[in-house]
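The values are calculated or read from the model by the stated rules, or taken from the named source; none is laboratory data. In this text the structure is predicted, and so the values were computed from the model without any measurement. Here the Cβ positions follow ideal geometry from the backbone for every residue, glycine too, while neighbour counts run over all protein chains shown.
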Amino acid sequence: MADIRSLLKEIDNYKSRMFGKDFLLTWEKSGDELKQILAIADLLKLMRRENISARCFDSGIAVSLFRDNSTRTRFSFASACNLLGLTVQDLDEGKSQIAHGETVRETANMISFLSEVVGIRDDMFLGAGNAYMREVGEALSSGFKQGVLPQRPVVVNLQCDIDHPFQTLADLMTIREEFGKNLRGLKIAVSWAYAPSYAKPMSVPQGLITLMTRFGLDVTLAHPPEYTLMKGPMEYAHRMAEQNGTKFQVVDNMEDAFKNADIVYPKSWGIESLFHNPQEALEISKKYKHWICDEEKMKLAKKHAIYMHCLPADRGYEVTDTVIDGAHSRVFPEAENRLHTAKAVMALTM
Amino acid sequence: MADIRSLLKEIDNYKSRMFGKDFLLTWEKSGDELKQILAIADLLKLMRRENISARCFDSGIAVSLFRDNSTRTRFSFASACNLLGLTVQDLDEGKSQIAHGETVRETANMISFLSEVVGIRDDMFLGAGNAYMREVGEALSSGFKQGVLPQRPVVVNLQCDIDHPFQTLADLMTIREEFGKNLRGLKIAVSWAYAPSYAKPMSVPQGLITLMTRFGLDVTLAHPPEYTLMKGPMEYAHRMAEQNGTKFQVVDNMEDAFKNADIVYPKSWGIESLFHNPQEALEISKKYKHWICDEEKMKLAKKHAIYMHCLPADRGYEVTDTVIDGAHSRVFPEAENRLHTAKAVMALTM
Amino acid sequence: MADIRSLLKEIDNYKSRMFGKDFLLTWEKSGDELKQILAIADLLKLMRRENISARCFDSGIAVSLFRDNSTRTRFSFASACNLLGLTVQDLDEGKSQIAHGETVRETANMISFLSEVVGIRDDMFLGAGNAYMREVGEALSSGFKQGVLPQRPVVVNLQCDIDHPFQTLADLMTIREEFGKNLRGLKIAVSWAYAPSYAKPMSVPQGLITLMTRFGLDVTLAHPPEYTLMKGPMEYAHRMAEQNGTKFQVVDNMEDAFKNADIVYPKSWGIESLFHNPQEALEISKKYKHWICDEEKMKLAKKHAIYMHCLPADRGYEVTDTVIDGAHSRVFPEAENRLHTAKAVMALTM
């Protein structure tokens, strides 16, 4: 229990103003706030190991608003809420009357009278997902100001077009479990990988380059020329590297990124301009089938290097079974940690 | 907390015999019983404002049985149940084996072994919805008498072909918040409005004319000639107006109804005889596109008049954005209050 | 409360090692273990009658993993979990990303980080359902050993291709409520019956012949020549009859099975070799439309004989309304008891 006490002390020392605030992008939060989230996530993980209940609500409602179909994110959000004592109510847009010509303001307020938190996932329309979350947030604020809502629920980002904060915080937590809290000088390779399926969101690589450069890691981003990330996160990552004395560089092949890396994070994503032109996008992607993370490429990384992926991975395309199921892989701790970072953010904002 | 005490005293003073009884139509309940529901709803709203938990069940199951697709009603019922400590289990007929030639009796009993309450929504088949609820109720009673069920869950109407009691009680609650408890002499306009979508249920206007005439309000119903309401609720509304010294009149245009009204409630509904003949119904409805609640028509009502709607509204058809989003609108309090009336009825019957 | 005390004493006396163990087939459990389950189910039923909460979890997650569409099993599992204090999260394979090329190991571990129990129903593929449960179980064990999972959730069988343990234990509980705990010499007729629908699972008759022969009952199995049960359960039932001094015989007509039976359990099932050849299977089944449980056939059984069915029954085909709704029928106690056996197994394994 000594660990619990020292974690509690650490948590107390951070200055944060997250209570009642939405959680939409990691780069809207201070370093102290993110460290506090990580410490609380550590605490919640420890409490779970010691079988101590983290329930802090007697009753209460969490709304999950999904604009795409994601079992895992839904499942993980519901699990996190449940352990805090909240019940999740799913609201699928499109299936519901909600879509019948209502404004966002109306929807947002209708679902929020008795809710503590609204988790939104909307990652399929570039330029739209995060904007939609902000629109919901503003609608709630205005509803609260006008007395429509007795309390203003917190909006949390369960993945948007720009960022995937619970995931990347869980990734950072996993890296700290592996390498300790001082990550300075470690190299992470964030690389594009081939997948035959469809245009996967860009939120994870974008979330990684913007977060890891702030926490001491040297980031190498690798992708074929067509697969550039959004301008905003790229500029932010460059600025953060400069401010924090870390490196952020971009290369055009997986091999260079992997060389001497401590952490490799190869993952498929779509072409920004072709997100809704699957045929052309698929045609281009076929040129890069060799962008697969296999044992050969893992040998380029350091001996103790870890392989990470937010799952689900396209096995046989993004990564071989031997790598994802092998000794380098940390995909399960990442997945578990996502539950703890989600709980931590919710506990801090509500 | 003085308010809470005086509400508790008020609640105590009403004579009611609602415990263990189904809640299917407001006109099956006495005036005292409805006032008690309203007082408890007020209390629950106040408790929510004071952040006092209304949880009264340690664990328990509420079943929601939907015979149509309604996100809002489902959502609102689930929220209300959750705050009382009950978990909702959805049972969608049609999706389930339930539809495979089973009798209502079998279904009703199967879902009720461990349930406290069964909420049913069935509003699409005129003459069928409320009857179905009664059939379920009788099946449960007979199951309980025969020892099949250890306890008999309460059946509550989440909207049927005839009435929408949680909604209209919430509307009455909203009106009392606006005008006080003495509503005598106030005029409410319950008016048909145009909508291009589909045949909307008649339960809300029917519920309004039968409830408001009992609570001191003068009711003016307005609709085009084809859009008559069901005979039963019409006769009951006339009788209640007579018994309670209120007025109930029917006019054939929105303007006359709005004149000097304190409350306007314009809403689309279908033609009783054409509920399942969409083409002919849509053809007729097109003649009445001018039945829209806009700022012009609002000027006919009193200056302080409030605009009400059970949501979702067909914006641009039933009502203009300026009205529904404007100063007259009370649509959000109505929506919030529906949660409190639902909780109040469940707390009183279970 | 004397009953409660004596049940507690009885429960204490049984030797069982079920904690932390999966529950996949009744014949993997000792007689003492099954008796302990039945005693706890009796206790839970009594507690429910006395309105004593059986909640033993403050919070926690139960996962239901369905590989077919079953409202009742899902509903009953969720109810059982809720009353223990667990929240159910549904995971429908096929609807989810889970199906996109992931291995069972990945799925199993992903859903299990914070779960106490994983209930699986998979009955449509002969030779596959129970095997799949074991695969999940092994994946969880290996995940736990490798430190991926902080705890290993228990896997419970909510119906597979081979057995339907919560159902058959509930059936045994119902029979004991009717005839007492000493069932020696009673005759149960497990008979095929005609249904026009589709190839129903063989798990119930297989579960019945393997369980009832262990608890003193003489079992007569009746079916048309094409409708043989699986080899494994048949051999086990023969062995159990021998070991326990009970009878297990097979006849080719419903009448012989019903003669002098104390319990009749007529139910449709499919032809093992034609499970996925509906046309040929339906063609063969038509020859046996007279295999219906009607009042005539009930007269062949003993006067006090009870009629059982796991529901839903194909009324008018498997059984007439007069029988299933009549005095012989025990279908509702069976259904209620299934909730109690499910709770009992979960309470014992977790």
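What to note about this one:
- Residues that are among the β-branched types (V, I, T) and in contact (Cβ under 8 Å) with a residue 24 or more places away in the chain within region C:36-82 comprise C:I37, C:I40, C:I61, C:V63, C:T73, listed in sequence order.
- Matching residues in region C:88-97 - criterion: being modelled with pLDDT under 80 and either farther than 19 Å from C:D123 by Cα or part of a loop (DSSP other than H, G, I, E, B) (or both): C:E93, C:G94, C:K95, C:S96, C:Q97
- Some residue of region C:261-272 being in a loop (DSSP other than H, G, I, E, B), of a type in the set (D, E, K, R), over 21 Å from the mean Cα position of the chain (by Cα) and not assigned by TED's automatic domain parsing to the domain that holds C:L38: no
- Condition met for A:K9 (of a type in the set (K, R), surrounded by fewer than 21 Cβ atoms within 10 Å (Cβ to Cβ) and at pLDDT 95 or above): no
- A Cβ distance below 9 Å, combined with a sequence gap of six or more or placement on separate chains, defines the contacts here; from region B:184-203, residues that are without any contact (Cβ under 8 Å) to a residue 24 or more places away in the chain reach no residue that is assigned to a loop (DSSP other than H, G, I, E, B) and of a type in the set (A, V, I, L, M, F, W, C).
- Candidates A:T213, A:T228 - the one that is out of contact with any Leu (no Cβ under 7 Å at 6 or more places or on another chain) and either assigned to a strand (DSSP E or B) or surrounded by fewer than 21 Cβ atoms within 10 Å (Cβ to Cβ) (or both): A:T228
- Selection within region C:261-289 - of a type in the set (A, V, I, L, M) and under 14 Å from C:T228 (Cβ atoms): C:I271, C:L274, C:A281, C:I284
- The set of residues from region A:257-292 being among the polar types (S, T, N, Q) and surrounded by fewer than 18 Cβ atoms within 10 Å (Cβ to Cβ) comprises A:N260, A:S273, A:N277, A:Q279.
- Annotation note: of C:V118, C:V155, the sole residue that is surrounded by 24 or more Cβ atoms within 10 Å (Cβ to Cβ), over 30 Å from C:N253 (Cα atoms) and without any contact (Cβ under 8 Å) to a residue 60 or more places away in the chain is C:V118.
- Screening region A:325-334 for residues that are in a helix (DSSP H, G or I) and without any contact (Cβ under 8 Å) to a residue 40 or more places away in the chain and picking the one that is nearest to the other protein chains (Cβ to nearest Cβ) gives A:F332.
- Hey, B:I324 in the same structural domain as B:K200 (by TED's automatic domain parsing), farther than 24 Å from A:A139 by Cα and within 24 Å of the chain's Cα centre (by Cα) or not: no
- In region A:172-227, the residues that are charged (D, E, K, R) and more than 19 Å from A:V331 (Cα to Cα): A:K181, A:R184, A:R214, A:D218, A:E226
- Conditions (1) away from every other protein chain (no Cβ under 14 Å); (2) of a type in the set (A, V, I, L, M, F, W, C); (3) surrounded by 23 or more Cβ atoms within 10 Å (Cβ to Cβ); number of the one not met by B:A199: (3)
- Within the option set C:F19, C:F75, being under 19 Å from C:G137 (Cβ atoms) and touching a helix residue (DSSP H, G or I) at 6+ places or on another chain (Cβ under 9 Å) holds for one residue only, C:F19.
- Of the candidates A:L311, A:L339, the single residue that is within 14 Å of another protein chain (Cβ to nearest Cβ), in contact (Cβ under 8 Å) with a residue 40 or more places away in the chain and on the phi > 0 side of the Ramachandran plot is A:L311.
- Checking each residue in region B:1-27 for being within 19 Å of B:M346 (Cα to Cα) and in a loop (DSSP other than H, G, I, E, B) picks out B:Y14, B:K15, B:S16, B:R17, B:M18, B:F19, B:G20, B:K21, B:D22, B:L24, B:L25.
- Lone unmet requirement of (1) within 15 Å of A:A193 (Cα to Cα); (2) within 25 Å of the chain's Cα centre (by Cα) for A:F275: (1)
- Filtered residue count, region B:104-124, keeping only those that are over 30 Å from C:H340 (Cβ atoms) and away from every other protein chain (no Cβ under 14 Å): 1
- Restricting attention to region C:302-324, the residues that are within 16 Å of C:W192 (Cα to Cα) and in a loop (DSSP other than H, G, I, E, B) add up to 11.
- Test: residue in region A:125-139 that is within 13 Å of another protein chain (Cβ to nearest Cβ) and on the phi < 0 side of the Ramachandran plot: yes
- Scan of region B:247-283 for residues that are at pLDDT below 95, out of contact with any Phe, Trp or Tyr (no Cβ under 7 Å at 6 or more places or on another chain) and among the hydrophobic types (A, V, I, L, M, F, W, C), ordered by number: B:L274, B:F275, B:A281, B:L282
- Residue under evaluation A:M234, criteria (1) of a type outside the set (D, E); (2) surrounded by fewer than 16 Cβ atoms within 10 Å (Cβ to Cβ); (3) in contact with a strand residue (DSSP E or B) (Cβ under 9 Å, 6 or more places away or on another chain), criterion not met: (2)
- Filtering region C:175-189 for residues that are over 29 Å from C:F125 (Cβ atoms), β-branched (V, I, T) and not assigned by TED's automatic domain parsing to the domain that holds C:T341 leaves a non-empty set.
- Residue, modelled with the lowest pLDDT, within region C:55-87, restricted to residues that are more than 9 Å from chain B (Cβ to nearest Cβ) and in a loop (DSSP other than H, G, I, E, B): C:D68
- Filter result (closer than 20 Å to B:Q89 by Cα and away from chain C (no Cβ under 14 Å)) within region B:140-162: B:V154, B:V155, B:V156, B:N157, B:L158, B:Q159, B:C160
- Taking the conditions (1) within 21 Å of the chain's Cα centre (by Cα); (2) surrounded by 18 or more Cβ atoms within 10 Å (Cβ to Cβ); (3) touching a residue at least 40 places away in the same chain (Cβ under 8 Å) in turn, C:M298 satisfies each one other than (1).
- Some residue of region C:293-302 being over 30 Å from C:V156 (Cβ atoms) and within 11 Å of chain B (Cβ to nearest Cβ): no
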